[in-house]
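The next block holds one structure in the form of structure tokens; read it before the comments.
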Amino acid sequence: MKISLSVTELKNVFKEIQRQPEQIFEMMRAEMNQGVGEYLSELMRAELSHFLGREPYERREGETNHRNGSYERRFTMKRFGEVVVEVPRDRKGEFRSEVLPRSKRYEDELGKDVCLMYLAGISTRTLSMLSKQLLGRKISAGEVSRANQELADAVERWRTRSLAEEKIKYLLLDGVNFSMRVGKGVEIVPVLVAVGVREDGTRLVLGLQAGDKESAACWREFFKDLKSRGLSSETVTLGVMDGLGGLEMVFKEEFPHAEVQRCQVHVARNVVAKVPKKLKQGVADDMRSIFYASSKEKAKEFFVRFKEHWEKEVPSAVKCLENSLEPCLTFFKFPPEEWQALRTTNIIERLNKEFKRRTKSMEIVAGENACYRLLAFISLKMEVHWKRYPIGKVAYNLPIFQKVPLLDFTQRSLKKFRKNT
């Protein structure tokens, strides 16, 4: 498309640009939009000629269908915004454009961008408000939801993918609650989550399944689903969990070769909850010496001292710790460089925190499938991060850790080392 301007018009244009420089971009966008609209219109006119089998004004014997003018419609394109096109018609109404199908209001790339912004954390309402400025046209909250529904099949394929090739040695298990729309009401729906640790220390999300996290039957079905997808019960040697009702028993039955590590943070909270406020700090400090002992034997020695010290004042707290002590110390059977990661469910708690952060702006998740779409996106994003930090390997492979004695390593010794070097 050629633009012709006289000298006087050109001077006026430059004066206007000097006064309001941003107007040049408005002019460029307007010209580009018009050019794109005319290009699409011409494509559809050629498409109609092919459909009818003749050019405009061409006559053929026995013809029964003719051109019948055109109508105006708007179409949104990435980088160009909303463009106006003239859609040609035929008299019989049989012509259907493949260039711009009737139901299509924006190009596929734009739909992908809308999905990505929604998954990344922008709510449907906010995206609807910003869409005019960002995308060139206002997109309703309903359109955002419909665009995301196209991801449902891909998410379900990921959620039910085969695990036969994955060599999983540890499982981290937990459940997270969401306010979810069920029918015409809103209910708190738990989603069971399993994170696996491969033999090389890398992590991945193995399963997401709605179900009651306090129900042993739900956990059993969850484990059976993982095994039906190829997860081998022979390779799993440890399950890290927070002592949810019935979970440990079901896990031992479904993974007979695995041990159970109970989350020390959850146990500590349960113990401290039974202690008067003025004694909480002292009890917590003594528990920490047990959990962070250099060996299982040392941990048990510290527990004996703990019991002697606190049994008279807080017997219920001591009893609570005693009942959970053995499963809290299972991690000692595994490589020392992995102890830090195996003591607690922090890995999966971090994932759950990302789940809650993303859904906080929504208040209510629009059903189970919508929940899976969001959680799948967050899970894949976390897996990218996890690949950089295999369990028990990254810290010890860094050059700085080769120079600082590991047994004496603290934040203070690290600062001293940096100062001296």
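The values are calculated or read from the model by the stated rules, or taken from the named source; none is laboratory data. Just so it is clear, the structure is predicted and the values come from calculations on it, not from any experiment. Counting neighbours? That spans all protein chains shown, and the Cβs are built from the backbone with ideal geometry, glycine included. For the accessible areas, the whole protein counts, side chains as well, though only heavy atoms, and no ligand, DNA or RNA atoms are used. Shrake-Rupley method; radii C 1.70, N 1.55, O 1.52, S 1.80 Å.
So how exposed is W386, as accessible area in Å² (1.4 Å probe, rounded to 10)?
For W386, solvent-accessible area is about 10 Å².
Short version: what are the Cα gyration tensor semi-axes of the stretch 159-262, square root of 5 times each eigenvalue, largest first, in whole Å? Walk me through the numbers on the way to the answer.
Numbers: eigenvalues 116, 47, 27 Å².
Each semi-axis is the square root of five times an eigenvalue, giving 24, 15, 12 Å.
Skipping prolines and chain starts, which residues have an amide H placed within reach, meaning under 5 Å, of the one on E259, given they are 5 or more residues away or on another chain?
When sequence neighbours closer than 5 places are left aside, the close amide H contacts are L238, G239.
Filter the cross-link list K296/K319; K333/K353; K360/K381; K298/K333; K169/K300 down to pairs whose alpha-carbon distance in this structure exceeds 23 Å.
K333/K353; K169/K300
Using each residue's phi in the stretch 272-287, evaluate 6.51 cos²θ - 1.76 cosθ + 1.60 at θ = phi - 60° and report the 3J(HN,Hα) Karplus result to the nearest Hz, with x for Gly and Pro.
Values per residue, Gly and Pro as x: 5, 5, 9, 10, x, 4, 6, 9, 4, 4, x, 5, 4, 5, 5, 5 Hz.
Whole number in Å², please: accessible area per residue of the stretch 269-341, 1.4 Å probe, ligands, DNA and RNA not counted.
59
For the stretch 187-204, just list the computed ³J(HN,Hα) in residue order, Karplus coefficients 6.51, -1.76 and 1.60, θ = phi - 60°, integers in Hz, with x standing in for Gly and Pro.
Per-residue couplings from phi come out as 10, 7, 10, x, 10, 7, 10, 10, 10, x, 10, 6, 5, 8, x, 6, 10, 7 Hz.
Using a 1.4 Å probe, how large is the accessible area of L100, given in Å² and rounded to the nearest 10?
Using a 1.4 Å probe on the heavy atoms, I get roughly 10 Å².
Give the Cα extents of the stretch 252-300 along the principal axes, in whole Å, largest first.
Projected onto its principal axes, the Cα set of the stretch 252-300 covers 43, 24, 12 Å.
If you count only protein heavy atoms with a 1.4 Å probe, what accessible area per residue comes out for the stretch 158-235, rounded to a whole Å²? The partial results should precede the final answer.
On the way: 3230 Å² over 78 residues.
Result: 41 Å² per residue.
When only DSSP loop residues count, what trypsin sites (Lys or Arg not before Pro) in the stretch 275-312 have their Cβ near at most 15 other Cβ atoms within 10 Å?
Those satisfying the criteria are K312.
Determine the order of Y389, Y57 by accessible area, beginning with the largest, at a probe radius of 1.4 Å.
Y57, Y389
Could you order H385, H50, H257 so the one with the most accessible surface comes first? Probe is 1.4 Å. Can you show the working numbers first?
Values: H385 85, H50 155, H257 110 Å².
In descending accessible area the options line up as H50, H257, H385.
Exactly which GluC sites (Glu not before Pro) in the stretch 215-278 are in a DSSP loop and have at most 15 other Cβ atoms within 10 Å?
E234
So who's got an amide H within less than 5 Å of the one on L231, skipping anything under 5 residues away but keeping other chains? H placed 1.01 Å off N, in plane.
Under 5 Å from the amide H of L231 lie the amide H atoms of L163, each far enough along the sequence or on another chain.
Summarise the accessible area of the stretch 238-352 (1.4 Å probe, protein heavy atoms) by the percent that is carbon and sulfur.
52
For the stretch 154-218, state which chymotrypsin sites (Phe, Trp or Tyr not before Pro) are in a DSSP loop and have at most 14 other beta carbons lying within 10 Å of their beta carbon. Kindly include the intermediate steps, with their values, before the conclusion.
Values: sites: W158, Y170, F178; in loops: none.
Those that pass, being in a loop and sparsely packed, number zero.
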